[in-house]
1. With a sphere of radius 11 Å drawn around the Cβ of L85, what net charge do the other residues whose Cβ falls strictly inside it have (Lys, Arg +1; Asp, Glu -1)?
2. State the extension gain, in nm to one decimal, for the chain segment bounded by Y12 and D74, taking 0.36 nm per residue of separation less the distance between their alpha-carbons.
3. Assuming R0 = 22 Å, can you tell me the calculated FRET efficiency for the pair V109 and N56, based on Cβ-Cβ distance, to the nearest 0.05?
4. Ignoring ligands, DNA and RNA, how do V20, V29, V112 rank by accessible area with a 1.4 Å probe, largest first?
5. Quick check for you: which residues of the stretch 73-92 have the amide N under 18 Å from the point 7 Å beyond the Cα of W4 toward its beta carbon?
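The values are calculated or read from the model by the stated rules, or taken from the named source; none is laboratory data. The shown structure was predicted, so the numbers you read here are calculated from the model rather than taken from an experiment. For neighbour counting, all protein chains shown are included, and Cβ atoms are generated from backbone atoms with ideal geometry for every residue, glycine included. Accessible surface is based on the protein model in full, side chains and every heavy atom, while ligands, DNA and RNA are left aside. Shrake-Rupley method; radii C 1.70, N 1.55, O 1.52, S 1.80 Å.
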Amino acid sequence: LLQWNRIYTERYRTWGHQWVPERFPMELVQEMLFHISQVEPDSVRGQRSYAVRYPNTTVLNWITEVADETVSGDALERTARAHLLTNIAVMELLRDHHQRYPVHADPVVGGVKIQTGRERPLRLNASN
């Protein structure tokens, strides 16, 4: 699967990224290709993506791209395994990513108000 992924990544680079990099960005993390979209608040109307409609509560929305519409037999088994392994790899990547979450504590009447947040968008290559 890794060898196939390398071939598909090179095809993405050759036929998309090199010609229209703003439409086909290349962010590689541990040989996984990520397409991270920036969303302007005014562009939300009519969007179906939960991450686009609710960016304050959704840090990641991902789609695994594996050709699965017309396969059967052994190829279907490999495709299902590729989906599973991709999802596991992304979950492990997120688990191991250590992003800082700023915490603010402000005194209020009768206690303390504590707020935290996280940077958007999630940047997996960013130094923390």
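1. Taking every other residue near L85 into account, the sum is +1.
2. 19.8 nm
3. It comes to 0.20.
4. Result, largest first: V112, V20, V29.
5. Those under the cut-off are 73-90.
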